[in-house]
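Reading through the structure tokens given below for one structure.
Values quoted throughout were computed directly from the atomic coordinates according to the rules given, and no laboratory measurement underlies them. Values in this document were obtained by computation on a predicted structure and should not be read as measured data. Cβ coordinates were reconstructed from backbone atoms using ideal geometry, including for glycine residues, and neighbour counts include every protein chain displayed.
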Amino acid sequence: MAEIKHTTTKGAIVLALLCTIFIATGQLFYKLGSEKIVDFISLFNLFVFIGLFSYFLGSILYILALKKGELSVILPLLALNYVWVALLSIIFLGEAVNLLRWSGISLVVVGVIIIGTGGGHGN
């Protein structure tokens with residue numbers, strides 16, 4: 001039986017990882033913007049717009065990653081958003097992440113590593 005060629009490039013993985021950082025940053029700005037909402041008009045505040053722009057950049061990077069890689073490898077990498085959001089929430093929002101959440105985040109990281117290193121090989 002012929003081995004299936006791995007078609008996801010390292011560049012695609014880097015683009016996907018950058019995508020997750022921009023999307024997580026967008027989430028942070030959405031949270032900051034949500035705290036400024038008092039009526040419909042205030043929904044359109046600077047933090048919300050920065051969040052939208054960050055999401056837009058993340059989407060562009062995601063599309064470029066998909067051009068160079070397999071969907072079944074690239075999409076699971078987006079789960080790293082959970083890691084970045086937890087870190088950003090601690091650093092910028094002073095949120096507490098308990099041991100149970102860290103355990104879940106660790107499982108996400110392990111899953112992403114397994115899929116990222118084994119994806120595309122047909123195994």
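See the values below:
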read-out	value
Phe44 paired with Ile114, simple spin-label distance in nm, labels 7 Å along Cα-to-beta-carbon	4.7 nm
Volume per residue that the Cα convex hull of the chain spans, once the total is divided by residue count, Å³	108 Å³
Gain on full stretching of the segment that runs from Phe92 to Lys36 - 0.36 nm per residue minus C-alpha separation	18.6 nm
Value in Å of the Kirkwood radius, where the range 28-78 supplies the Cα pairs that are averaged	12.4 Å
Debye, to nearest 20: dipole size of the chain, +1 on Lys, Arg Cβ, -1 on Asp, Glu Cβ	240 debye
Long-range lysine pairs (8 or more apart or interchain), the chain, Cα under 24 Å	4
Stretchable slack from Val14 to Leu99, in nm (0.36 nm times residue separation minus alpha-carbon distance)	27.7 nm
